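One structure is given here, and the rest of the page talks about it.
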Amino acid sequence: MTTCTLEARDVTKRYGDGEAAVVAVRGVSLRVEPGEIVLIMGPSGSGKTTLLSMLGALLRPTAGTVSLDGTVLSELSEGRLPDIRLHRFGFIFQDFNLLSALTVWENVAIVAELAGLRGRAARERATAILTELGLGARLDFLPDRLSGGEKQRVAIARALVNDPALILADEPTANLDSAIGHEIMRLLRGIAKEQGRSVVIVSHDQRIRDIADRVLWLEDGAFQDEIALAVDPVCGMSVERERAASATRDGALFYFCSRGCRAEFLNGPPSA
Amino acid sequence: MAATWVMARRSLTANWLRLLASVGGVALALSLVLALDAIVAGVSSQLTSYIDRAGADVWVAQAGVRNLHMVASWLPASDTADVAGVKGVVAVTPILYVTDAISANDQRAIAYVIGLPGDATMGLPWEIAEGKAIPGPGEAVVGRDFARQAGVGIGGRVTILGRDLRIVGLSEGTGNLLNGIAFISANDFEAARGSAGLVSFVLVRTAPGTSPDAVASAIERTVPGVSALSRGAFAAEERRLVMQMAGDVIATMNGVGFVVGLAVVALTVYVATLARRREYGVLKALGARARFLYAVVLAQAVLSVLLGFATAVVFTSAVAAVVHAVGLPLALVIDVSSLLKVAAFGAVIAAIASILPIRQVAGIDPAVVFRRGAVL
């Protein structure tokens with residue numbers, strides 16, 4: 001693997017024209033260094049996924065540039081992008097997006113084959129990575145027989161099989177329970193810190209802050225200053241402390257996304 | 001390449017009902033074409049069975065007559081001796097021939113009626129199941145299948161050319177889908193038709209080592225007012241006539257089979273592609289080139305057609321075996337040219353069926369895979 005630097009400069013994405021135009025991302029700049037974990041947070045509809053799509057060369061910005069070690073991806077022809085995506089990026093999705101008709105090892109090996117590896121070599125590489133991720137006993141399973149955590153580990157193996165320098169993860173822990181979510185976080189941290197890959201994560205999950213080197217807050221399509229966040233104890237949403245409704249109980253201060261959650265909290269049983 | 005076939009195979013087998021419908025539909029469509037070809041080939045083969053097995057190397061007919069089915073041929077009886085005198089001819093048998101209805105009890109059937117001289121060495125029934133081969137005056141040899149259907153046997157009565165005759169022989173293998181063959185004496189034939197002094201064909205056996213075609217040419221040069229063809233050429237003319245008669249039907253059924261097969265494969269591959277659009281989007285996002293996805297779609301169509309083709313061949317062969325076992329007066333002959341034609345049909349079907357889904361695949365936006373719940 002060759003380390004590389006991903007850089008977005010004044011990136012804007014506009015959908016539609018005229019009065020109906022919607023600006024999903026406006027003038028965002030970002031530089032991701034090798035081995036760095038960058039967490040992008042923000043409310044729903046803030047443009048996180050659009051930004052991630054542009055960083056991964058899946059979507060062309062309306063303005064600005066996305067470059068990888070100086071190569072401007074957003075200016076490359078469509079025909080050159082598949083190779084970039086295959087060899088330089090690894091994608092991890094919230095819904096795992098495994099191919100349901102293929103077995104675990106085939107899901108990983110097919111991406112290696114697309115990158116040019118021959119059948120047996122692709123299978124061996126897929127098997128090695130899957131075994132390393134604890135899926136050695138699940139190689140011939142179809143995805144629908146796997147747990148959520150196992151599916152995400154297969155997706156991680158698939159993202160790593162072509163030895164990319166950058167991992168782009170969209171809500172990688174969203175569909176997982178707490179323990180499995182921590183396991184995935186540990187894996188992502190290892191990918192960055194032990195293997196030297198850059199990891200860009202888009203998530204609502206506050207726990208991922210623990211492994212991130214940088215946390216960026218995207219709102220209305222632009223990065224805002226890092227703001228103090230808290231978790232609504234009723235619904236679990238991330239809320240801005242400065243703007244949120246709050247209440248004190250047993251000497252502790254709590255923040256809520258709405259007055260409804262606050263009322264529910266205050267009318268509920270006292271905390272232990 | 002391996003990935004293409006794995007994806008195609010798994011996509012097809014992921015839904016067994018869809019696979020069954022696809023393969024079954026293709027098999028049905030190709031079977032239509034294959035079975036019709038087999039019937040035509042079988043009928044064609046049966047129609048020439050008398051020509052092939054009468055024992056003649058050369059057939060001599062009235063000038064311009066070049067086949068047996070649905071023709072009238074009349075030659076002066078004296079031509080028989082003239083033909084016998086041609087170099088290379090070792091034996092001749094004049095026969096009388098007409099197509100007419102024969103009946104026994106209430107059973108009626110169309111038959112070639114052959115009038116044989118008492119000393120005939122050619123033109124006889126080639127397999128006798130019961131009785132004798134050469135009928136004398138007042139006698140007839142009919143096909144065993146006809147006799148069974150009419151409920152008559154040796155000693156029974158049959159009406160041929162308006163004459164009531166006694167059955168003295170039952171032949172085997174002389175019936176086909178269109179007609180049977182009945183043999184009577186030349187005397188009865190002449191009496192019934194008033195054809196004294198005439199013959200229909202002169203059957204010729206050539207000397208060993210001589211070319212039947214060369215002898216046929218020599219006969220035409222030597223005997224005026226006749227057409228002479230070797231057995232092979234005479235049978236080929238007969239088959240050509242059959243193909244002319246059945247050509248429109250065959251073309252129509254081929255067209256129907258082609259359209260049905262195309263519709264089934266196209267629909268199946270299209271639905272399979274639609275059902276997997278998200279996965280194709282994922283593959284695009286991961287770096288798969290469009291041509292890989294096109295290849296997967298094409299491979300699915302090819303697999304469907306291959307399975308359908310194999311099923312069609314097995315099915316049609318089974319039908320042919322059953323028809324043979326049941327003893328129907330029909331033979332299904334699956335020949336190589338028909339297999340090649342149906343295989344070519346399949347290849348064209350697979351290629352055309354892939355076009356529509358390929359357009360779908362080309363339009364997939366890989367970025368959509370990040371949009372949860374997005375309907376692709």
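The values are calculated or read from the model by the stated rules, or taken from the named source; none is laboratory data. As the structure is a prediction and not an experimental result, all values here were calculated from the model. Neighbour counts run over all protein chains shown; Cβ positions are idealised from the backbone, glycine included.
Points worth noting:
- Filter result for the condition that a residue is over 30 Å from residue B:14 (Cβ atoms), out of contact with any strand residue (DSSP E or B) (no Cβ under 9 Å at 6 or more places or on another chain) and in the same structural domain as residue A:34 (by TED's automatic domain parsing), over A:147, A:198, A:178: A:178
- Test: residue A:236 is in a loop (DSSP other than H, G, I, E, B), farther than 15 Å from residue A:32 by Cβ, outside the structural domain of residue A:127 (by TED's automatic domain parsing) and without any contact (Cβ under 8 Å) to a residue 12 or more places away in the chain: yes
- Pairs, first outside the structural domain of residue B:99 (by TED's automatic domain parsing) in region B:158-185, second among the hydrophobic types (A, V, I, L, M, F, W, C) and crowded, with 22+ Cβ neighbours inside 10 Å, C-beta under 8 Å, six or more apart: none
- Where residue A:124 falls short, out of the listed (1) over 26 Å from residue A:188 (Cβ atoms); (2) more than 9 Å from chain B (Cβ to nearest Cβ): (1)
- Qualifying residue in region B:156-164 (condition: acidic (Asp, Glu), surrounded by fewer than 16 Cβ atoms within 10 Å (Cβ to Cβ) and farther than 23 Å from residue B:49 by Cα): yes
- Which listed residue, of B:231, B:277, B:289, is free of Cβ contacts under 8 Å to residues at least 12 places away in the same chain and buried (at least 16 other Cβ atoms within 10 Å of the Cβ): B:289
- Residues being within 14 Å of another protein chain (Cβ to nearest Cβ) and among the basic types (Lys, Arg) are entirely absent from region A:3-12.
- Criterion (hydroxyl-bearing (Ser, Thr, Tyr), at the interface with chain B (Cβ under 10 Å from one of its Cβ atoms), out of contact with any Lys or Arg (no Cβ under 8 Å at 6 or more places or on another chain) and surrounded by fewer than 19 Cβ atoms within 10 Å (Cβ to Cβ)) met by exactly one of A:77, A:100: A:100
- Between A:154, A:108, the distinction of being within 12 Å of another protein chain (Cβ to nearest Cβ), in a helix (DSSP H, G or I), touching a Leu at 6+ places or on another chain (Cβ under 8 Å) and touching a residue at least 12 places away in the same chain (Cβ under 8 Å) belongs to A:108 only.
- Any hit, region A:58-73, residues being buried (at least 20 other Cβ atoms within 10 Å of the Cβ), within 11 Å of chain B (Cβ to nearest Cβ) and not in a helix (DSSP H, G or I): yes
- One residue alone among A:205, A:232, A:170 is closer than 30 Å to residue A:126 by Cα and either aliphatic (A, V, I, L, M) or touching a strand residue (DSSP E or B) at 6+ places or on another chain (Cβ under 8 Å) (or both), and that residue is A:170.
- Filter result (surrounded by fewer than 18 Cβ atoms within 10 Å (Cβ to Cβ) and not polar (S, T, N, Q)) within region B:252-274: B:255, B:256, B:259, B:263, B:267, B:271, B:274
- Checklist (1) surrounded by fewer than 24 Cβ atoms within 10 Å (Cβ to Cβ); (2) modelled with pLDDT of 95 or more; (3) closer than 13 Å to residue B:160 by Cα; (4) not small (Gly, Ala, Ser) applied to residue B:112, failing item: (2)
- Hits in region B:262-307 (condition: among the charged types (D, E, K, R), part of a helix (DSSP H, G or I) and within 11 Å of chain A (Cβ to nearest Cβ)): B:278, B:279, B:284, B:291
- Qualifying positions in region A:80-97 - at the interface with chain B (Cβ under 7 Å from one of its Cβ atoms) and in a loop (DSSP other than H, G, I, E, B): A:93, A:94, A:95, A:97
- Complete set of residues in region A:235-270 that are of a type outside the set (Lys, Arg), under 28 Å from residue A:47 (Cα atoms) and at pLDDT below 85: A:235, A:236, A:237, A:238, A:239, A:240, A:242, A:244, A:257
- Within region A:1-36, being more than 20 Å from the chain's Cα centre (by Cα) and in a loop (DSSP other than H, G, I, E, B) holds for A:1, A:2, A:16, A:17, A:21.
The rows are residues; the columns are (1) touching a strand residue (DSSP E or B) at 6+ places or on another chain (Cβ under 8 Å); (2) farther than 17 Å from residue B:173 by Cβ; (3) surrounded by fewer than 22 Cβ atoms within 10 Å (Cβ to Cβ).
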| position | (1), (2), (3) |
| --- | --- |
| B:37 | no, yes, no |
| B:56 | yes, yes, no |
| B:63 | yes, yes, yes |
| B:74 | yes, yes, yes |
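- Among the criteria (1) within 12 Å of chain B (Cβ to nearest Cβ); (2) buried (at least 18 other Cβ atoms within 10 Å of the Cβ); (3) in a helix (DSSP H, G or I); (4) touching a residue at least 12 places away in the same chain (Cβ under 8 Å), the one residue A:113 does not fulfil is (4).
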